[in-house]
Structure formats: structure tokens, C-alpha cells
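Contents: one structure, followed by commentary.
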Amino acid sequence: MEVSKILVTGSARHYLGWGAAVIVPIGDLQLGMPGFSERRFRDFITATLKIPGVLYAGMGDYIDFASPSNRLILRDERLYDTSFRTMDDGAETASERFLRLMKGTEGKWVGIVSGHHLWQYRDGTTTDTRIAK
């Protein structure tokens, strides 16, 4: 993961209601790579959800769709539109898979940052911005 810029799009203050907060960082998963275990990760999320007042912080690289160098190659304008749609569909499938694994964490996030393993759709959004939504 590399940090190139930080963009703050909003802020909020929340009274947590307890003395200490446990913030679980989620990042550099690169879901889709051979070493990623969906079962082990889901077991981890299930265990952390049992912690009273747990919060999550997204650290980037949630899915491993394309690195910066891969995106340069895959964005070649000589590719057919159907190729772009196929890549968009694959990225969307990977994002949906990540979100299914995160079920139960809704409303427990302090925020997320974008990594560099992501897919940029032709409308300017990325897998990370869609995951954040």
C-alpha cells in the first residue's frame, strides 16, 4: 500500500459511550489473490464483531483487482468496449464479495482510505469509492 494523498470529505463527532474504543484496521487484504482465505477473514470479522463498541478503519487495498502498472496496461484505449465492461464487471464482483465478507460492520466505521490496488471505472469512481459508499 502507498499513500499518495489524503482527502477529507467530511467529519463528525461521536460520543462513544464507553471508556476505551477498539479500532480494528482492515486493509492490504488483496482479496482475490491465492493466499487470501475468505473463511479465515470472515471468522476474524465474526470474532471482532463480538467486541463491545468495536470500530473499523479501512486502510486500503481491499481487493486485488489491479495495481497501478496493471491499470496502465488495462486502460489501453485500443481495447474493445466489451473488454472494459468485462473488467468493470469483474471489479464489481470483487467489491461485492468484499462487502459480503464485511456484513455486520455497517455503521461501525471511522472511515476508509484508498489504496493502490483498485479498479477505476469509466465514470471516475473506483472500487474503493464504491466500497465506501
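Since every read-out is calculated from the coordinates, none of them should be taken as a lab result. These numbers were taken from a predicted model, which means no experiment stands behind them. Virtual Cβ from ideal backbone geometry, glycine too; neighbours counted across all protein chains shown.
Of note:
- Amide H contacts for THR126 (H built 1.01 Å from N in the peptide plane; partners 5 or more residues away or on another chain; cut-off under 5 Å): TYR121.
- Length released on extending from ALA20 to ASP43, taking residue separation times 0.36 nm less the Cα-Cα span: 5.9 nm
- Taken along the Cα-to-beta-carbon direction at a fixed 7 Å, the label points for LYS50 and LYS108 span 1.2 nm.
- Phi angles across the stretch 100-115 convert, under the Karplus curve 6.51 cos²θ - 1.76 cosθ + 1.60 with θ = phi - 60°, into 3J(HN,Hα) values of 4, 5, 8, 3, x, 8, 4, x, 10, 9, 7, x, 9, 10, 8, x Hz, Gly and Pro given as x.
- Close amide H pairs (under 5 Å, H built 1.01 Å from N) link ILE26 with ALA57, GLY58, MET59, residues at least 5 positions away or on another chain.
- Fully extending the segment from TYR80 to PHE36, taken as 0.36 nm per residue of separation minus the present Cα-Cα distance, adds 12.7 nm.
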